[in-house]
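Shown next, in structure tokens, is the structure this report addresses.
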Amino acid sequence: MNAKMYLIVYYSIAGVIISLFTALMTYWIIDVPIGQKMMFKIFLTILATLPIIGILSYLIGRCLSDRLAAISHCLNDISEDKFLTDKHDESITDINAIHESIHELSHRLEASITTLKKNNTQLNNMILSLSHDIKTPLTIIEGYLEELEDDIVTPEQKPAVIATLKKETAYINELSSEVIHYLQSLENKSEKENIVFKDFLHEEVCPLVRAKKEVELKCEIEEGFEITFDRIALKSILVNLMHNATKHTGQGSITVKSFDEGIIVEDTGSGIDSEDASMIFEPFYCADESKNREKSGFGLGLSIAKNLAENNGYSLALDIEYTSGSRFVLRKREASS
């Protein structure tokens, strides 16, 4: 039963009851006996009232039905991934509150689905890249194991073969750890705390960064500057950015700065080409085409750093206008309305 029929039926029943009750109470108050003629008049009054009640019920029911249909239409659009862009204002407060809730739900679903699609694409690309990166060491290991099995390796060659097997095994183990770290960074889990940044940088981050003698580590942090962040995540982000800077800075400086909305890590190194700038945060992407393991790594570090930043309400971006090397900006995002 739709809203219109529901209101017509129940309003009609209510109208009959109210009319009978009113008539009976009227005659009880004036203390006049109800005869057959009066009963007939009451009956005619009820019959005359029912069409009016029916029409009013229909109009009210149609009004409510249209509003409920609008809600149903919005929900159907959301179910088909047609997310709402404009708010629907209603004069009825309760229905307007429902529309506002649906509008908010639409935005949250859109953001969640967009994130899921992005993560799914990243995971698919990661699996393809992982399969490619792991194939080479496995092929090397398999080849040497076959040689060892067939006694092709001489006693003199054996130490070098074993060293190679250990190296390739360590590479696979390190790659697996990085993949696990990346997958963990996709989970929005953080235990935020207020961190006195200058002390944190000197005591927990800088000791983990090894720069060349020709490279100076600079700290331009305002006294008393604090940041609300997960301590482990912030350490991971800064160590990653500074470690990348050391690999691409032969001489000059690596500087960590603070500003009102976040942190800057910049260097005077070789910089990042414009064609690579839009891709460096993608999993397994390496700007260095040589894919040298010692220099390029696995291409997961910046992806992990970006995910950790977002988990803490920050964005991590490359400043493409900086031309003296590379500059990464960790900036607090505006709270969503």
The chain shape via C-alpha gyration tensor axes, a/c threshold 1.5: prolate
Gain upon complete extension [E191, I18; 0.36 nm per residue less C-alpha separation]: 56.1 nm
On Cα atoms only, tilt of 158-185 relative to the major axis of the chain in degrees: 20 degrees
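Report the calculated FRET efficiency for V9 and I127 (r = Cβ-Cβ distance, R0 = 35 Å), to the nearest 0.05. Show your work: numbers first, answer last.
Values: r = 59 Å, r/R0 = 1.69.
Result of the calculation: an efficiency of 0.05.
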Projected area averaged over orientations for the stretch 180-261, convex hull of C-alpha atoms, nm²: 6.1 nm²
Contour minus Cα-Cα distance for I92 and R333 (0.36 nm per residue): 83.2 nm
Amide hydrogen neighbours beyond the local backbone of S253, cut-off 5 Å, H modeled: E216, T268
Interchain or long-range residues, amide H under 5 Å from Y314's placed H: R333
Degrees separating the helix 3-30 axis from the principal Cα axis of the chain, which is the longest one: 40 degrees
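Whenever you get a sec, compute what percent of the accessible area on the chain sits on carbon and sulfur atoms (1.4 Å probe).
Values: 12000 of 21390 Å².
Here it works out to 56 percent.
Over 32 Å between C-alpha atoms is what I'm after, so list which of K158/K213; K213/K306; K167/K218 land there.
Working: K158/K213 38 Å; K213/K306 29 Å; K167/K218 35 Å.
With Cα atoms farther than 32 Å apart: K158/K213; K167/K218.
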Net length gained if the chain between E80 and E310 were fully extended (0.36 nm per residue, minus Cα distance): 80.0 nm
The stretch 46-103 shape via C-alpha gyration tensor axes, a/c threshold 1.5: prolate
Calculated FRET value between K166 and K135, using beta carbons and R₀ = 25 Å, to 0.05: 0.85
Sites V153 and L105, calculated FRET efficiency, Cβ-Cβ separation with R0 45 Å, nearest 0.05: 0.10
Acute angle (nearest 10 degrees) that the helix 36-79 long axis makes with the longest principal axis of the chain, alpha-carbon atoms: 10 degrees
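The values are calculated or read from the model by the stated rules, or taken from the named source; none is laboratory data. Small disclaimer: the values here were computed from a predicted structure and weren't measured. Here the Cβ is made from the backbone with ideal geometry for all residues, glycine too, and neighbour counts use every protein chain on show. Surface areas here come from the heavy atoms of the whole protein model, side chains and all, with no ligands, DNA or RNA. Shrake-Rupley method; radii C 1.70, N 1.55, O 1.52, S 1.80 Å.
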